[in-house]
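*Asks:* Before anything else, here's the structure in question.
The values are calculated or read from the model by the stated rules, or taken from the named source; none is laboratory data. Bear in mind that the values here come from a model prediction, so they are computed numbers and not experimental data. Here the Cβ positions follow ideal geometry from the backbone for every residue, glycine too, while neighbour counts run over all protein chains shown. Accessible surface is based on the protein model in full, side chains and every heavy atom, while ligands, DNA and RNA are left aside. Shrake-Rupley method; radii C 1.70, N 1.55, O 1.52, S 1.80 Å.
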Amino acid sequence: MKALTFSTFGDSNVLEYIEIPNPELKSDEILVEMKAIGLNFADVYRRKGNYHLKGNPPFIAGYEGAGIVVDANNHPEYKVGDRVAFADVPFANAELVAVNINHVLPLPEAISFETAASVLLQGLTAHYLATDSHKTQQGETVLIHAVAGGVGQILTQISKLFGANVIGLTSSAEKAKVGFEQGADHVFLYNDDWKSQVFKVVQNGVDVVYDSIGSTLKDSFEVTKECGQVVFFGMAGGDPEFVDPRMLMDGSKTLTGGDLWSYLNSKEERIKRSTQLFNWITEGKIKLSEPTTFKLSEGKLAHDYLESRKSTGKIILIP
């Protein structure tokens with residue numbers, strides 16, 4: 001099979017599209033022929049050597065995608081030709097992927113391979129943020145950092161679905177437009193004294209801030225109301241300052257950490273959450289931007305485009 005690989009760490013020039021042996025299935029795995037693969041910043045971090053990788057080179061990144069079963073490996077609940085997807089299976093940047101049966105997600109006919117590869121990691125992240133990290137209520141005001149990003153766009157729509165008012169933060173007028181298109185009530189730019197603008201909308205502060213930037217954590221607490229909450233789930237802008245517990249006590253504020261892998265902890269949870277997400281899409285309650293598509297053989301170009309920060313939607317790879 002062909003795969004997008006790297007044998008040394010570095011910039012996108014280390015990527016190689018080469019022929020490697022097909023996966024050898026373990027007893028609890030099925031073989032999936034990939035039709036669409038999601039590209040994420042985690043893949044860039046792995047390529048650079050910032051994330052631990054198992055095995056020996058050539059390394060294969062990728063965790064998210066969709067395709068069809070080509071070998072059910074004596075698992076009667078699956079048959080050749082079944083449409084499936086996954087959000088947390090390694091070595092996805094290849095024509096064939098060995099998928100643990102506990103990670104297999106049934107893919108409804110109404111959801112295309114491209115949509116599944118576009119939505120799963122970011123959509124399931126947005127899902128747990130709005131339903132577990134903070135249980136969004138009708139009439140609340142939520143503040144979403146990086147509102148035009150993949151998680152930000154879907155989290156905006158889910159928050160509106162639950163009846164919340166949404167304030168978004170982003171870096172440019174072009175990206176602010178994307179936030180408004182997703183349903184945000186207000187979008188402010190990071191370089192425009194956004195904290196003052198937030199307080200013009202909600203005098204006492206917001207109910208919850210979803211912070212994926214990290215370096216903004218102190219600012220996030222400043223715009224959170226008493227008894228409010230900050231959900232910290234990413235560090236796109238660098239490490240946050242240390243949080244003073246006295247500040248939390250004085251304002252009765254809560255800091256919650258968020259990581260998707262804490263919630264995708266069983267086959268039942270994976271299927272339940274993905275089914276809810278797919279239902280919202282088929283019912284038209286969540287709308288996705290068209291992904292930017294590259295061939296898997298064009299992986300270098302895809303990585304360069306992702307790192308350019310010019311993209312506002314999902315980037316997918318097609319074998």
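*Asks:* Which number in (1) surrounded by 13 or more Cβ atoms within 10 Å (Cβ to Cβ); (2) within 12 Å of residue 128 (Cβ to Cβ) marks the one condition that residue 208 misses?
*Replies:* Tallying (1) surrounded by 13 or more Cβ atoms within 10 Å (Cβ to Cβ); (2) within 12 Å of residue 128 (Cβ to Cβ), residue 208 fails exactly one: (2).
*Asks:* Would you point out the residue of the range 203-245, among those that are within 20 Å of the chain's Cα centre (by Cα) and charged (D, E, K, R), that is farthest from residue 121 (Cα to Cα)?
*Replies:* The extreme case among them is 239.
*Asks:* Could you list all residues from the range 35-52 that are open to solvent by less than 10 Å² (accessible area, probe 1.4 Å) and touching a His at 6+ places or on another chain (Cβ under 9 Å)?
*Replies:* Hits for the range 35-52 are 39, 43, 44, 47.
*Asks:* For the range 207-226, name all the residues that are more than 24 Å from residue 262 (Cβ to Cβ) and either in contact with an Asp or Glu (Cβ under 9 Å, 6 or more places away or on another chain) or among the charged types (D, E, K, R) (or both).
*Replies:* 218, 219, 222, 225, 226
*Asks:* In the range 273-318, how many residues are assigned to a loop (DSSP other than H, G, I, E, B), hydrophobic (A, V, I, L, M, F, W, C) and open to solvent by 30 Å² or more (accessible area, probe 1.4 Å)?
*Replies:* 1
*Asks:* Let me ask something additional. Could you look through the range 246-272, keep only residues that are in contact with a strand residue (DSSP E or B) (Cβ under 8 Å, 6 or more places away or on another chain) and closer than 16 Å to residue 120 by Cβ, and pick out the one that is most open to solvent (accessible area, probe 1.4 Å)?
*Replies:* Among them, the one singled out is 271.
*Asks:* Name the residue that is modelled with the lowest pLDDT, counting only residues in the range 55-89 that are open to solvent by 40 Å² or more (accessible area, probe 1.4 Å) and under 14 Å from residue 6 (Cβ atoms).
*Replies:* Taking the candidates together, the pick is 55.
*Asks:* Related question: If you scan the range 140-169, which residues turn out to be charged (D, E, K, R) and either in a helix (DSSP H, G or I) or within 17 Å of residue 214 (Cα to Cα) (or both)?
*Replies:* Residue satisfying the conditions is 160 alone.
*Asks:* If you don't mind, another one. Before we move on, is residue 187 closer than 22 Å to residue 123 by Cα and touching a strand residue (DSSP E or B) at 6+ places or on another chain (Cβ under 8 Å)?
*Replies:* When the stated conditions are applied, residue 187 passes them.
*Asks:* Could you list all residues from the range 5-15 that are in contact with a Lys or Arg (Cβ under 9 Å, 6 or more places away or on another chain) and either open to solvent by 70 Å² or more (accessible area, probe 1.4 Å) or not assigned by the TED database to the domain that holds residue 42 (or both)?
*Replies:* Once the filter is applied, which keeps residues that are in contact with a Lys or Arg (Cβ under 9 Å, 6 or more places away or on another chain) and either open to solvent by 70 Å² or more (accessible area, probe 1.4 Å) or not assigned by the TED database to the domain that holds residue 42 (or both), the range 5-15 yields 9, 11, 13.
*Asks:* Here's a follow-up. For the range 170-189, give me each residue that is in a strand (DSSP E or B) and among the hydroxyl-bearing types (Ser, Thr, Tyr).
*Replies:* Result: 170, single match.
*Asks:* Of the residues in the range 82-115, how many are part of a loop (DSSP other than H, G, I, E, B) and within 16 Å of residue 23 (Cβ to Cβ)?
*Replies:* 7
*Asks:* Please go through the range 4-51 and give me each residue that is part of a loop (DSSP other than H, G, I, E, B) and among the aromatic types (Phe, Trp, Tyr), ordered by number.
*Replies:* Result: 9, 51.
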